[in-house]
Amino acid sequence: MGKELRDQGLHIAAGMIAVGPIAIFGPNPLTLAWTTFCVGGSREIGRAGPTVDFASFKRLLTQKLDLSFWALSGFIVGWFV
């Protein structure tokens, strides 16, 4: 039960980190770029394998092209909001 509670707590924290800026500052190019960056980061970490550790997070940060385009998609949407 303790591991499950920790995992679900981390899911809540990740969601709040991803969409919190939209709730605080409203939808704009930067907040939506941040949100799609977080979504893309989540996907890229998931592609690395079933276990998330510091090494997989570090590899995520080297995916500059992929993460840039994830963020760009949110920025473009935010530009038109």
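Could you please find all residues in the range 26-56 being closer than 17 Å to residue 71 by Cα, in a helix (DSSP H, G or I), open to solvent by 50 Å² or more (accessible area, probe 1.4 Å) and of a type outside the set (Gly, Ala, Ser)?
Residues satisfying the conditions are 30, 34, 37, 39, 43.
Output the residue which, of all residues in the range 31-79 that are in contact with a Pro (Cβ under 8 Å, 6 or more places away or on another chain) and hydroxyl-bearing (Ser, Thr, Tyr), is nearest to residue 19 (Cα to Cα).
35
Residue pairs, Cβ under 9 Å, 6 or more apart or interchain, first in the range 56-70 and closer than 18 Å to residue 33 by Cα and acidic (Asp, Glu), second open to solvent by less than 80 Å² (accessible area, probe 1.4 Å) and part of a helix (DSSP H, G or I). List them.
What qualifies is 66/40; 66/44.
Which of the residues belonging to the range 57-74 are outside any helix (DSSP H, G or I) and surrounded by 14 or more Cβ atoms within 10 Å (Cβ to Cβ)?
Within the range 57-74, just 63 meets the criteria.
The values are calculated or read from the model by the stated rules, or taken from the named source; none is laboratory data. Computed from a prediction, not measured in an experiment: that's the story for all the values here. Every residue, glycine as well, gets a Cβ built from its backbone with ideal geometry; the counts of neighbours run over all protein chains shown. In case anyone asks, the SASA skips ligands and DNA or RNA and just uses the protein heavy atoms, side chains included. Shrake-Rupley method; radii C 1.70, N 1.55, O 1.52, S 1.80 Å.
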